[in-house]
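Trainee: Have a look at this one before I ask anything.
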Amino acid sequence: MAGAQGRLPERSAALIVWGNRTHNEVDLRVDLHDRAIDELRRIYVDYKPSIAYYDERARNPRNAIPAMEFADMLKNQRQKETA
């Protein structure tokens, strides 16, 4: 409960995941959104397939495939899944 008006709607949400690394593994934020938790859930679903790519790119930048090539691979994979 907040104030005399009752529960205020959420306006911001964040998902920050720390593991064994010196940097956070996931850092997603939504601010000033009428349904911040739902929006955070939506962007996480969209981001989840990219986590391994960004992790590998951070560890081995010289060996990483270009971002546009990775984006095309994801697009093709999604098209196959929906066909």
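Trainee: Looking at region 46-61, can you tell me whether even one residue there is at pLDDT below 90, among the aliphatic types (A, V, I, L, M) and within 14 Å of the chain's Cα centre (by Cα)?
Mentor: Yes: one or more hits.
Trainee: Go through region 14-37 and give me each residue that's at pLDDT 90 or above and of a type in the set (Gly, Ala, Ser).
Mentor: Passing the criteria: Ala14, Ala36.
Trainee: So, in region 15-66, exactly how many residues are of a type in the set (Gly, Ala, Ser) and over 26 Å from Arg78 (Cα atoms)?
Mentor: 1
Trainee: Let me spell it out: the conditions are (1) touching a Lys or Arg at 6+ places or on another chain (Cβ under 8 Å); (2) among the aliphatic types (A, V, I, L, M); (3) open to solvent by 90 Å² or more (accessible area, probe 1.4 Å), and Ala14 meets all of them except one. Which number is the exception?
Mentor: Just one mismatch for Ala14, condition (3).
Trainee: A further question follows. In region 51-76, which residues are of a type in the set (Asp, Glu) and surrounded by 12 or more Cβ atoms within 10 Å (Cβ to Cβ)?
Mentor: Residues satisfying the conditions are Asp55, Glu56, Asp72.
The values are calculated or read from the model by the stated rules, or taken from the named source; none is laboratory data. Everything numeric in this text was worked out from a predicted model, so none of it was measured. Ideal geometry is used to build each Cβ from the backbone, glycine not excepted, and the neighbour counts take in all protein chains shown. Ligands, DNA and RNA are stripped out before the accessible areas are found, and what is left, the full protein with its side chains, is counted by its heavy atoms. Shrake-Rupley method; radii C 1.70, N 1.55, O 1.52, S 1.80 Å.
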